[in-house]
1. Anything in the range 1-48 that is away from the ligand (no atom under 16 Å from the Cβ) and touching a Lys or Arg at 6+ places or on another chain (Cβ under 7 Å)? List them, or say none.
2. Under 8 Å between Cβ atoms, at least 6 apart or on separate chains: pull out the pairs that start in the range 120-147 with a residue that is at positive phi and end on any residue that is part of a helix (DSSP H, G or I).
3. Please work out which residue is surrounded by the most Cβ atoms within 10 Å (Cβ to Cβ), limiting yourself to the range 43-77 and to residues that are assigned to a helix (DSSP H, G or I) and touching a Phe, Trp or Tyr at 6+ places or on another chain (Cβ under 8 Å).
4. Only one of ALA185, ALA176 is within 9 Å of the ligand (Cβ to nearest atom), under 12 Å from the mean Cα position of the chain (by Cα), modelled with pLDDT of 95 or more and surrounded by fewer than 18 Cβ atoms within 10 Å (Cβ to Cβ). Can you tell me which?
5. Output the residue which, of all residues in the range 243-286 that are among the hydrophobic types (A, V, I, L, M, F, W, C) and in contact with a Gly (Cβ under 7 Å, 6 or more places away or on another chain), is surrounded by the most Cβ atoms within 10 Å (Cβ to Cβ).
6. Can you find a residue in the range 5-19 that is crowded, with 22+ Cβ neighbours inside 10 Å and assigned to a helix (DSSP H, G or I)?
7. What is the number of the single condition among (1) surrounded by fewer than 19 Cβ atoms within 10 Å (Cβ to Cβ); (2) in a loop (DSSP other than H, G, I, E, B); (3) in contact (Cβ under 8 Å) with a residue 24 or more places away in the chain that PRO94 does not meet?
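The values are calculated or read from the model by the stated rules, or taken from the named source; none is laboratory data. As the structure is a prediction and not an experimental result, all values here were calculated from the model. Quick reminder, even Gly has a Cβ in these numbers, built from the backbone with ideal geometry, and neighbours come from all protein chains shown.
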Amino acid sequence: MKILHTKLELRRAMEAFRKKQEGVTGLVPTMGYLHNGHRSLMEQARKECDFVMVNIFVNPLQFNDEGDFQSYPIDHERDAAICEAAGVDLLFIPDVEEMLGNQKPQIILTSPALTSVLCGPGRPGHFEGVMLIVSRLFHIFAPERAYFGMKDFQQYTIIRRMVDDLGFPVKVIGCATVREEDGLAMSSRNVRLSIEDRSHAILIYRALMLGKKSHEEGERNSATLIEVMKDVIHSGSKNRVEYLQIVQPDTLQPLEILTPGQPFVIATAVFCDNVRLIDNILVNQS
Ligand code: AMP
C-alpha cells in the first residue's frame with residue numbers, strides 16, 4: 001500500500017495505475033481514527049473495485065466548533081495498518097495546507113432544502129464544508145465509485161444529490177451502518193464516552209428500534225412515535241436530544257403520517273454528556 005501526502009504524488013500514482021491497467025477505482029473518504037465502520041466501506045470497495053483509495057483528512061471547514069476540531073482523535077499509524085489489512089492500494093493523508101491552500105474558499109456549495117434540516121441547524125456550515133471537500137476529492141482522485149456510510153444519512157443524501165446536480169462522473173455507494181455489540185453505531189467519537197456515558201448512549205439505538213417496532217405494530221402518527229422514542233433516550237440522564245425526526249429518505253422533509261410500506265428514515269442527534277452522537281434507521285426500503 002502506498003501512503004501519499006501531496007496532490008502531485010497522488011496524480012502521479014493515479015497516472016501510473018491507469019497506464020498499467022484499465023479498471024475501476026474506488027474512493028473511501030474519511031477523517032481517520034478508523035474503526036470497523038470505515039473498514040466495512042473499504043471491504044465493499046475492495047470487492048467492487050480494482051484500485052481502492054482511502055483519504056484521511058480532518059476537514060476544518062466542516063467543524064463549527066473549534067474545540068471539537070482540535071480534539072478530533074488522530075492515529076495515522078494505526079489507520080495505515082487498518083487500511084493495509086483491508087487491502088487498500090493507496091492511502092492519501094494530506095495536511096490542511098495541501099488540501100485547502102491558504103485562501104478561504106469563496107464559492108459555497110449548499111442546498112437550502114437538504115442542508116437546513118436535521119443536523120443543519122445545529123451545525124451551521126457543516127454540510128457546505130463537506131460538499132466543498134468531497135467535490136475537491138472527486139476532482140483530485142477522479143474515482144469511478146465513492147463509498148459513504150448511511151450512518152451519516154444526511155451527508156449521504158446530500159452527496160448523492162450534489163453528484164447528480166453537478167454531474168460528477170462517480171457512482172455513490174451507500175453502506176450499511178456498522179454497530180457495536182450493544183447496538184451503538186460505531187463512531188470515532190465513541191472513544192470520548194465514559195463507561196457511564198456509554199450505558200446511556202446505547203438507549204439511542206434502542207429508541208430507534210422501538211420506533212420501528214411501534215410503527216410495524218400499527219402506529220402511523222410520527223409525532224406519537226417521536227415522543228415514545230425521545231422518552232426512551234431521555235431515560236438516560238446524560239442524554240439530550242438535539243433532534244429526532246421522521247423524514248422522507250430523498251428529500252429529508254418530515255413525514256407527519258406514515259402510510260403502510262412507505263420508506264422513511266428515523267434520524268436523530270443526541271448529546272450524551274458533551275459527545276454529539278448521530279444515528280438513524282431506514283425503514284421499508286427495498
Ligand atoms: P468519518 O471518518 O466519520 O467522516 O466517516 C467516514 C465515512 O465512514 C463516512 O462515509 C461515514 O458515514 C462512514 N462511517 C462512519 N461510521 C460508520 C459506521 N458505524 N458504519 C458505516 N459507515 C460509517
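1. Step one: list which residues in the range 1-48 are away from the ligand (no atom under 16 Å from the Cβ), which gives 1-25.
ALA13, VAL24 - these are the residues of the range 1-48 that are away from the ligand (no atom under 16 Å from the Cβ) and touching a Lys or Arg at 6+ places or on another chain (Cβ under 7 Å).
2. Once the first residue is at positive phi and sits in the range 120-147, its partners that are part of a helix (DSSP H, G or I) give GLY125/LEU61; GLY125/GLN62; ALA142/MET14.
3. Restricting attention to the range 43-77, the residues satisfying the condition of being assigned to a helix (DSSP H, G or I) are 43-48, 60-62, 66-70, 76-77.
Within this subset, residues satisfying the condition of being touching a Phe, Trp or Tyr at 6+ places or on another chain (Cβ under 8 Å) are 44-45, 60, 62, 69.
Numbers: GLN44: 18, ALA45: 28, PRO60: 15, GLN62: 20, PHE69: 14.
Among residues in the range 43-77 that are assigned to a helix (DSSP H, G or I) and touching a Phe, Trp or Tyr at 6+ places or on another chain (Cβ under 8 Å), the one surrounded by the most Cβ atoms within 10 Å (Cβ to Cβ) is ALA45.
4. Values: ALA185 fails: surrounded by fewer than 18 Cβ atoms within 10 Å (Cβ to Cβ).
Of the residues listed, the single one that is within 9 Å of the ligand (Cβ to nearest atom), under 12 Å from the mean Cα position of the chain (by Cα), modelled with pLDDT of 95 or more and surrounded by fewer than 18 Cβ atoms within 10 Å (Cβ to Cβ) is ALA176.
5. Let us first name the residues in the range 243-286 that are among the hydrophobic types (A, V, I, L, M, F, W, C), namely 244, 246-247, 252, 255, 257-258, 264-267, 269-272, 275, 277-278, 281-283.
Subset that is in contact with a Gly (Cβ under 7 Å, 6 or more places away or on another chain): 266, 269.
On the way: ILE266: 24, ALA269: 21.
Of everything passing the filter in the range 243-286, ILE266 is surrounded by the most Cβ atoms within 10 Å (Cβ to Cβ).
6. Going through the range 5-19, the residues crowded, with 22+ Cβ neighbours inside 10 Å turn out to be none.
Looking through the range 5-19, none of the residues is crowded, with 22+ Cβ neighbours inside 10 Å and assigned to a helix (DSSP H, G or I).
7. Result: PRO94 passes all but (1).
Okay, residues lined up against (1) near the ligand (Cβ under 10 Å from one of its atoms); (2) more than 26 Å from LEU61 (Cα to Cα); (3) in a helix (DSSP H, G or I); (4) more than 15 Å from the chain's Cα centre (by Cα):
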{"residue": "PHE168", "(1), (2), (3), (4)": "no, no, no, yes"}
{"residue": "GLU181", "(1), (2), (3), (4)": "no, yes, no, yes"}
{"residue": "ASP197", "(1), (2), (3), (4)": "no, yes, yes, yes"}
{"residue": "ALA201", "(1), (2), (3), (4)": "no, yes, yes, yes"}
{"residue": "LEU208", "(1), (2), (3), (4)": "no, yes, yes, yes"}
{"residue": "LYS213", "(1), (2), (3), (4)": "no, yes, yes, yes"}
